[in-house]
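Presented below is the structure to which this report refers.
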Amino acid sequence: MMEKVFVDTNVIIDLLSKREPFYKEAQDLFTLGDKKEIQLCISSLSFANAYYSIAKHHKAIDAKKYLSKFKVLVSVLSLDDKAIELSLASDFEDFEDGLQYFVAMDNEVDTIITRNKKDFKNSKIPVLTAGEYLGKEEKLL
């Protein structure tokens with residue numbers, strides 16, 4: 001069965017904004033998804049945040065084009081009432097990180113990929129950076 005990998009917003013923006021020095025690792029991670037070696041999952045919140053971030057630097061029509069191409073690489077997971085309630089009641093310092101975590105938990109992902117591991121310090125799901133994940137994958141080959 002294909003590994004389900006939940007990608008945090010910061011890694012998505014690294015990819016779509018070609019943000020250095022993080023772009024290459026994000027690109028390599030999404031390439032694994034493109035090759036159907038892993039299933040990349042993101043929350044609907046991340047999709048909205050990615051649009052907002054890209055639209056600050058590009059025309060709205062271009063931001064939509066980028067996201068249309070990006071959309072084929074990922075499964076978008078719904079942000080629902082349960083995730084909101086759990087995040088509000090949780091000890092996550094950042095509400096948005098809590099939302100991401102509870103969406104990931106509810107969808108039984110195998111790994112969370114983020115650039116800010118400390119944001120998920122109490123996670124019951126393994127949390128890795130893109131580089132750490134890619135290094136783990138190379139060892140398996």
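The values are calculated or read from the model by the stated rules, or taken from the named source; none is laboratory data. Computed from a predicted model, the values in this text were never measured in an experiment. Every residue, glycine among them, receives a Cβ derived from its backbone with ideal geometry; neighbour counts consider all protein chains shown.
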It is to be established whether one or more residues within the stretch 54-65 are within 14 Å of the chain's Cα centre (by Cα) and part of a helix (DSSP H, G or I). no
Name the single residue that is nearest to PHE6 (Cα to Cα) among those in the stretch 66-76 being modelled with pLDDT of 90 or more and not in a strand (DSSP E or B). LEU73
When the stretch 1-47 is checked residue by residue, the ones that are polar (S, T, N, Q) and part of a helix (DSSP H, G or I) are THR9, ASN10, GLN27, THR31, SER44, SER46
Could you count how many residues in the stretch 25-42 are out of contact with any helix residue (DSSP H, G or I) (no Cβ under 9 Å at 6 or more places or on another chain) and either surrounded by fewer than 19 Cβ atoms within 10 Å (Cβ to Cβ) or charged (D, E, K, R) (or both)? 4
For the stretch 91-114, the count of residues that are of a type outside the set (A, V, I, L, M, F, W, C), modelled with pLDDT of 95 or more and not in a helix (DSSP H, G or I) equals 5
Consider the stretch 67-84. How many of its residues are farther than 26 Å from TYR101 by Cβ and surrounded by 16 or more Cβ atoms within 10 Å (Cβ to Cβ)? 0
Considering the stretch 115-141 alone, what residues qualify as being within 20 Å of MET1 (Cβ to Cβ) and assigned to a loop (DSSP other than H, G, I, E, B)? LYS124, ILE125, PRO126, LEU141
